[in-house]
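One structure is given here, and the rest of the page talks about it.
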Amino acid sequence: MKRIHYYIICAFSAICGLSSCTDFLEIKPQNEIILEQFWNEKADVDAIIAGCYSGMQSEGVIKRMMIWGEFRSDNIGPGNNISSDGSLEKILKENIDAKNSYTSWGGFYTVINRCNTVIEYAPGVAADDPAYTESELQANIAEMVALRSLCYFYLIRAFRDVPFSRKAYIDDSQKMDLPATKFDDVLDSLIYDLEGVQNMAIKRYPETKEMYQTGRITQDAIHALLCELYLWKKDYENCIRYADMVIESKKQIAEENRNRRSSSFSNEDNQERFNGFPLVSNSTSNSYFGDAYTVLFGRDRGNVNEANQEIIFQLVFDDNPSDNGMPANGAVNSFYGNSSASIGLVAPSDYIFSDIDKASGRKVFADRNKTRDSRIYINCNLEDKSINKYTTSSIDISVASSTPEVSYDSRYSQNQNGSNWIIYRLTDIMLLKAEALTQMVQNNSDESNDVNKSLLDRAFTLVNAVNKRAVCQNQLADTLKRTDYSSKSDMENLVLQERQRELMFEGKRWFDLVRLSQRTGSTSTLKTAALAKATSGEGLISNHLTKMDAIYWPYNLDEMKVNLNLVQNPAFGSGENDSYEKTTKK
């Protein structure tokens, strides 16, 4: 008999906002499931789908989302007890080899295989179980295609070329040692797959399952993923098209929230502060600024509807895992800190703090904003120099004096971090659209051309809306001036800087730099960012990161041993060196 060799985990309860698994499924974890005895009814399909999400929630996957997308960038430096994690310590020094444990990708391929299994076997269940409707089957397939595509997208952004398969592997007799498929071919396959299933996906879950709207794949999540995939493909028109779909959907949700009168989002904010975009509002008074952080990153369950107008897709966690079996966010707890260790294994880099301290000439937080960019305080704790985002459930900012004063809720307790990990939110998509608009400007010409001017105007409007939401002052005022960004290169730099400010510590920065390097064929900006935080070995790092191959990761040595069809990234030689030093001297 064929056997499915993976765990089915009941770990989806927090997504439906309940304290038990009964709303989605109720099945005990099993080590081994006999295939012929399993795929018989809809509950069996639900069980594997739950296992897909629990796989995404696993520390091994979340940690790699964080490390691959952020930790090699200028945002991240060492924190406390970094020597306890030798692999992470080497990554922060840009000293990476194929033996580094964080180059392993097994968690992502486990989720991919679970998704492939649902796609392959669910149609047979629908044929046998009358309770499993065709529309439910199609929605489940779309959901699994999207989760699979998201996993592959993480893999190609990190490793460039990776083994790619849509086939389910269910027993040991199947050949699994596939050669790597080229980045562009995988990218095209992901776009093709998502284009084919987007209309099958659920548009909106019922209000009785309000957390499903952002905790499970919807059409908005697929459109957000397509938006970014097309940007990496340099198909800017389609990137913009899907960004607009997401924006319009979120506008509709915001309008529904206003009609419920349960949202702090006001029409005035929509039109004036946010340039018409449906961002979660920061309440303002004569002395107080805040709320958006608590809604987006905290645990403000009373504002789920408001969070839904900005969050598109997130992985859901719980700060009381022993109560209902939903996991806490162990990756953030370890890396970013907790109530027992306010500084985790990593912290904002010295470069970030030195930039904040500058009176002028800032590279990250613009001079014009000075101390009024709330993201300075949301991202970083200026007192103990730790990471605030994701480690505390609420942040309040007093604007009664000329310098804002910040108060934080206590950090999540050790092993009880309840922060959801956001994959996509509206400001991310808005800034991806701004990047695409900027890339459509012909050459590097200025705005004397009407078409170019219109493109730059539209890009600036998006960036300015994101920026204005963050300005902690009562009077509405633009802190960015359109006249300062009159060329394509000026606007490119603005968009990249705004993404760094807005999405700091969300697993985006290194991928943004890789995308820029791919587009320009140069590692110059990426290398400058990596060197900004370096405290030693600058010459070796500079030499190494001049190679385009080096901006990706080496294949893990264990993967190379079991898959002889993999050919190691040439920037890392054989991959067996203790550091890159030997390969950089060749």
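Structural remarks
- Computed label-point distance, nm, for sites residue 185 and residue 99 using a 7 Å Cα→Cβ extension: 3.3
- Sequence-distant lysines (8 or more away, or on other chains) whose Cα lies within less than 16 Å of residue 203: 250, 251
- Rounded to the nearest whole angstrom, the semi-axes of the ellipsoid equivalent to the range 45-188, taken from the Cα gyration tensor as √(5λ), stand at 34, 17, 13, largest first.
- The range 427-537 has equivalent-ellipsoid semi-axes of 24, 20, 12 Å, by the square roots of 5 times the alpha carbon gyration tensor eigenvalues, sorted largest first.
- Using Cβ point charges alone (K and R +1, D and E -1), the dipole size of the range 314-406 about the Cα centre works out to roughly 500 debye.
- Between the amide H of residue 416 and any residue lying 5 or more places away or on another chain, no distance stays under 5 Å, with hydrogens modeled in the peptide plane.
- For the range 476-533, the dipole from Cβ point charges (+1 on Lys and Arg, -1 on Asp and Glu) about the Cα centre works out to 220 debye, to the nearest 20.
- Alpha-carbon centroid distance for the pair the range 69-128 / the range 393-425, whole angstrom: 27
- q = 0.06, 0.09 Å⁻¹, the chain: log10 I(q)/I(0) [Debye, one scatterer per Cα]: -0.29, -0.68
- Spin-label model distance (nm) - residue 558 vs residue 402, 7 Å beyond Cα toward Cβ: 5.8
- Couplings 3J(HN,Hα) of the range 119-131, computed from phi: 4, 7, 9, 4, x, x, 5, 4, 5, 9, 10, x, 6 Hz, in residue order, whole Hz [Karplus 6.51 cos²θ - 1.76 cosθ + 1.60, θ = phi - 60°; x for Gly and Pro].
- Protein heavy-atom surface of the chain, 1.4 angstrom probe: 46% of the accessible area is carbon and sulfur, with nucleic acids and ligands not counted.
- The charge dipole of the chain, taken about its Cα centre with unit charges on the Cβ of Lys, Arg, Asp and Glu (plus for the first two, minus for the last two), comes to roughly 1280 debye.
- Taking a straight Cα-Cα cut-off under 20 Å and skipping sequence neighbours fewer than 8 places away in the same chain, the lysines within cross-link reach of residue 233 are 182, 433, 488, 508.
- Each of 415, 187, 449 was placed along the dipole of the chain (beta-carbon charges, centred on the mean Cα), and the one lying farthest toward the positive end is 449.
The values are calculated or read from the model by the stated rules, or taken from the named source; none is laboratory data. Predicted model, so just to flag it, every value in this text is computed and none were measured. We place every Cβ from the backbone using ideal geometry, glycine too, and count neighbours over all the protein chains shown. Calculation scope for accessible area: heavy atoms of the full protein, side chains included, ligands and nucleic acids excluded. Shrake-Rupley method; radii C 1.70, N 1.55, O 1.52, S 1.80 Å.
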